[in-house]
Number of protein chains: 2
Amino acid sequence: MSTAHHCDAAARAEQVLARRGARITQLRRDVLRALMREDRPVGAYQLFDQLKARDAASAPPAVYRALDFLVGEGMAHKLQSLNAYVGCACFEHAHDAHFLICRGCNAAEEVPTTAIRKQVDTDAAERGFAVERMVVETVGLCADCKGRA
Amino acid sequence: MSTAHHCDAAARAEQVLARRGARITQLRRDVLRALMREDRPVGAYQLFDQLKARDAASAPPAVYRALDFLVGEGMAHKLQSLNAYVGCACFEHAHDAHFLICRGCNAAEEVPTTAIRKQVDTDAAERGFAVERMVVETVGLCADCKGRA
DNA sequence: AGGCGTCCGGTTACATTGTAACCATCGGCG
DNA sequence: CGCCGATGGTTACAATGTAACCGGACGCCT
């Protein structure tokens, strides 16, 4: 696993944010990079500990604020079933996602939601429900971990 | 809104559990009924406070254990995006669900997942991922709250 | 009936996750 | 320059969830 890919993701994300006119501060950059460096979901306090060790963060609220910013910009997602965050160098401001979360290796693969979103919209429309946000998370075993079982 | 419906739900759930041979203790019954009495998601500590007031629960772990039992039996679901629980007088041991969660009135309507589940299975199969559990939650405004806006 | 093993829940003490509130600072802008 | 909104530092806490240990209840078997 080369780190090049992850650096690229962070760099790409920063470019997108810049083009968008978003304020990229040092803290936000640090959080973004820390997130991207991992290829797994990371807890807010895990991030905090990492950053704290480098004097890059002062206290939990700072980290949560940066995470909220990144999630709002679509550069991170929160995994509700893990209370953890993953990075995502996406070009859309905010977008929903479907995560395949492996309970073997803790990887979380983001996959597109077009078909699911359509079905959710149908379910909602039938009931006059206006969709704002969607959470889709699937827990199980990835191909590798399934094999290793 | 009559309470009859909710009592029926709790009674029905207890019947199903009984037929299944599950151990229905006083605590579990109390938690089940408290859950069913609400028509909204309820936090574990909210339940705890209610039960505590009636001397029906001693401490948080007891409530969490009862909730785990009920979720395992398919008589309750956890809403990951709210950290809250809802009852469900279903006949399946465990089943996934799609929840339409209204941020106006906090109602959570459970709707079937057949179509979504199929798509999730497809997404997963394409990547060799073995699905075990699925979380689908949609946040927005229900018909009533949309109107009231 | 007696003894055994398992399941359940009481209890204590914490761990983890998330936030409210207040203030200092910084950067842009008139 | 002086104002203003956005950002983040700081403190103190709220809310959510759990580990570990124990005793008692219950079913089951002999």
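The values are calculated or read from the model by the stated rules, or taken from the named source; none is laboratory data. Quantities reported herein were computed from a predicted structural model and do not represent experimental measurements. FYI the Cβ positions are ideal-geometry reconstructions off the backbone, even for glycines, and counts take in every protein chain you see. Heavy atoms of the whole protein, side chains included, go into the accessibility calculation; ligands, DNA and RNA do not. Shrake-Rupley method; radii C 1.70, N 1.55, O 1.52, S 1.80 Å.
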Taking first residues from segment A:56-75 that are within 9 Å of DNA strand D (Cβ to nearest atom) and second residues anywhere that are basic (Lys, Arg), the pairs with Cβ under 7 Å that are 6 or more apart or on different chains are A:Ala66/A:Arg28; A:Phe69/A:Arg28
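Name every residue in segment B:105-133 that is β-branched (Val, Ile, Thr), assigned to a helix (DSSP H, G or I) and in contact (Cβ under 8 Å) with a residue 12 or more places away in the chain, in order of residue number.
In the first step, residues of segment B:105-133 are kept if they are β-branched (Val, Ile, Thr); the result is B:111, B:113-114, B:116, B:120, B:122, B:131.
Imposing the further condition that a residue be assigned to a helix (DSSP H, G or I) reduces the set to B:114, B:116, B:120, B:122.
Correct list: B:Ile116, B:Val120.
Within segment A:106-149, count every residue that is within 7 Å of another protein chain (Cβ to nearest Cβ) and open to solvent by less than 70 Å² (accessible area, probe 1.4 Å).
21
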Only one of (1) away from every other protein chain (no Cβ under 14 Å); (2) within 13 Å of DNA strand D (Cβ to nearest atom); (3) under 17 Å from B:Val135 (Cα atoms); (4) not polar (S, T, N, Q) does not apply to B:Leu82, and that is (1)
Across segment A:41-77, what is the total count of residues that are open to solvent by 80 Å² or more (accessible area, probe 1.4 Å) and near DNA strand C (Cβ under 9 Å from one of its atoms)?
-> 5
Which one of the conditions (1) touching a Ser or Thr at 6+ places or on another chain (Cβ under 7 Å); (2) open to solvent by 60 Å² or more (accessible area, probe 1.4 Å) does B:His98 fail to meet, given that it meets all the rest?
-> (2)
